[in-house]
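A quick write-up on the structure given underneath.
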Amino acid sequence: MSGMGVPLSKIARHTPGVVAVIGGDTAVSEITHDSRQVGQGCLFVAIPGERFDGHDFIDTALGHGASAVLVEQQQTGSMSQIVVENSRAAMPWAARAVFGFPDSSMDVAGVTGTNGKTTVTHMIEAIMVSAGIPVGIIGTLGARINGDPMSIARTTPEATDLQRILARMRDDRVRVVLMEVSSHAIELRRSDAIHFSVVGFTNLSQDHLDFHGDMESYFEVKRRLFASGVTEAAVVNTGDPWGERLKASSDVPTTTVSLGDDAQIHTTDLLASSKGTSFTVTTPVGSVPVFLPLIGSFNVSNALVAIGMALRLGVDLPRISRGLGELGTIPGRMEIIPHDGPFTVVVDYAHTPDAIAVILGSVRSTVRGRVIVLVGAGGDRDTEKRSVMGAAAARLSDLTIITTDNPRSEDPVAIADEVARGAESQPNAVVETVIDRRSAIKRGIAVAQAGDMVLVLGKGHEQGQDIGTEVLPFDDRDEVRDALVDAGWVPS
């Protein structure tokens, strides 16, 4: 942002729930909810939370140079302030005004769903790059502006950070922004105040129930994106039963996609191999052959969502097909680790029962030998899915190796026992438990034979392992390469 800043009166006009503007029409050029990040000319937003109340840090923020505060409780003294009914609800809109309404000069495309968000946004990014359209991306793997990376703290950053990133993308002449929109972000209002050109839905399955409580509540949060006033249009995977429900309730123009022929965008002539998947996609504006350099039918479903969204963003079918064919490796998303051995090793982020089942079901037809899967569950998260994850892994694999994931504050042995309980409930299951993840990866590689596929699931792109209060360096891909060397194979 440049210039003299934005007056509080203008911010208030574009912010819901304003009760009063007090202390003069001060201009601000920055906004944050973190008193540690406050600088000169900043608007500090005081948010009451479960552990801390931002109102307790107002003096700190003023000491760091804050020009004004946005509060729920009117403050005494001469400070400039916007008093609102709900500061969390007001913050996204205030941030949008401070940063000059960045979404109004770009097409913002949001993708939501339990699995596949990262893959879909990267597919659309490849399409935009191939079509020569300046593009930004925000999600689990960080943010990129026209290919240049920047780190972010969350899949969907907090509203103040998100609007700042969007403003930087606008200033860098980005035309299309691709965002992963998590259910936490929707519920905590981080994505409020963004007007989407199109939103896409991949699927919904058991995850985050420690936060949402049950699947109905989880679905209702996702559904908020698919409404007039939030987005201009939607693309929905109706191959997922929750997608069918979403289509029925959406009140914006909605394009349906599915592997079956009952959707507006669907596939024929699907042919899978260990190198990728080819198919013909049929859409309301014609058909085109596609080669997708990813394995798994679930990735074809992801590609259909990407195709529908890219069409809505104005890219024609031939350019879409070309862009998908040029898609590079997506870190930790069905990422094949090359080596000179006679078997395949894949690292993926799958950490839900459905994601595990879908991946294993998809690869079975391409694997000549055994499917060996390594799986664990995170600590301090949805405990109900652990045994279901183990059951999904053992039901569809020839060998299940249960190990630790990110145990956090929990006992990794106790977590593994819960996963193992589900795995061992499956008929004819072959299950081993190797708690240390590094040793488990070495075990999977050591027993692999010609034609086998080893799937290392759960952490994907992550470069650390949360144990207790520490995050220790750990990257499944590097561990796989080390295990390959130890087994006498040369990574390439």
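The values are calculated or read from the model by the stated rules, or taken from the named source; none is laboratory data. Model, not experiment: these values are computed from the prediction. When we count neighbours, we look across all protein chains shown, and the Cβ atoms used for this are built from the backbone with ideal geometry, even at glycine. Note: areas computed on protein heavy atoms with side chains; ligands, DNA, RNA excluded. Shrake-Rupley method; radii C 1.70, N 1.55, O 1.52, S 1.80 Å.
Observations on the structure shown:
- Checked against the criterion of being closer than 18 Å to ARG189 by Cβ, in a strand (DSSP E or B), modelled with pLDDT of 95 or more and open to solvent by less than 20 Å² (accessible area, probe 1.4 Å), the stretch 75-82 has at least one qualifying residue.
- Of the residues in the stretch 143-151, not one is of a type outside the set (Lys, Arg), in contact (Cβ under 8 Å) with a residue 24 or more places away in the chain and under 17 Å from ILE320 (Cβ atoms).
- The stretch 241-262 - residue that is within 27 Å of LEU327 (Cα to Cα) and in contact with a helix residue (DSSP H, G or I) (Cβ under 8 Å, 6 or more places away or on another chain) and, of those, most open to solvent (accessible area, probe 1.4 Å): LEU259
- Some residue of the stretch 140-147 being under 30 Å from MET215 (Cα atoms) and among the polar types (S, T, N, Q): yes
- Pair list, Cβ under 8 Å, 6 or more apart: the stretch 114-129 residue at positive phi, other residue modelled with pLDDT under 95 and open to solvent by 10 Å² or more (accessible area, probe 1.4 Å): GLY116/ASN203; GLY116/PHE298
- Odd one out for PRO7 among (1) under 15 Å from PRO92 (Cα atoms); (2) surrounded by 14 or more Cβ atoms within 10 Å (Cβ to Cβ); (3) at pLDDT 95 or above; (4) not aliphatic (A, V, I, L, M): (1)
- Subset of the stretch 85-107 (residues that are among the aliphatic types (A, V, I, L, M) and either farther than 30 Å from ALA68 by Cβ or buried (at least 24 other Cβ atoms within 10 Å of the Cβ) (or both)): ALA90, MET91, ALA94, ALA95, VAL98
- Identity of the residue in the stretch 322-354, closer than 22 Å to GLY376 by Cα, outside any loop (DSSP other than H, G, I, E, B) and charged (D, E, K, R), that ends up most open to solvent (accessible area, probe 1.4 Å): ASP354
- Test result for ALA89, small (Gly, Ala, Ser), assigned to a helix (DSSP H, G or I), closer than 20 Å to HIS14 by Cα and out of contact with any Pro (no Cβ under 9 Å at 6 or more places or on another chain): no
- Exactly one residue out of SER278, SER301 is of a type in the set (Ser, Thr, Tyr), surrounded by 15 or more Cβ atoms within 10 Å (Cβ to Cβ) and part of a helix (DSSP H, G or I): that is SER301.
- Screening the stretch 140-181 for strands (runs of 3 or more DSSP E) wholly inside it with 2 or more residues that are at negative phi and crowded, with 20+ Cβ neighbours inside 10 Å returns the ranges 142-145, 176-180.
Condition check ((1) among the aromatic types (Phe, Trp, Tyr); (2) part of a loop (DSSP other than H, G, I, E, B)) across all residues:
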position: MET4; (1), (2): no, yes
position: ILE11; (1), (2): no, no
position: GLN40; (1), (2): no, yes
position: PHE44; (1), (2): yes, no
position: HIS55; (1), (2): no, no
position: ILE58; (1), (2): no, no
position: LEU62; (1), (2): no, no
position: SER67; (1), (2): no, no
position: LEU70; (1), (2): no, no
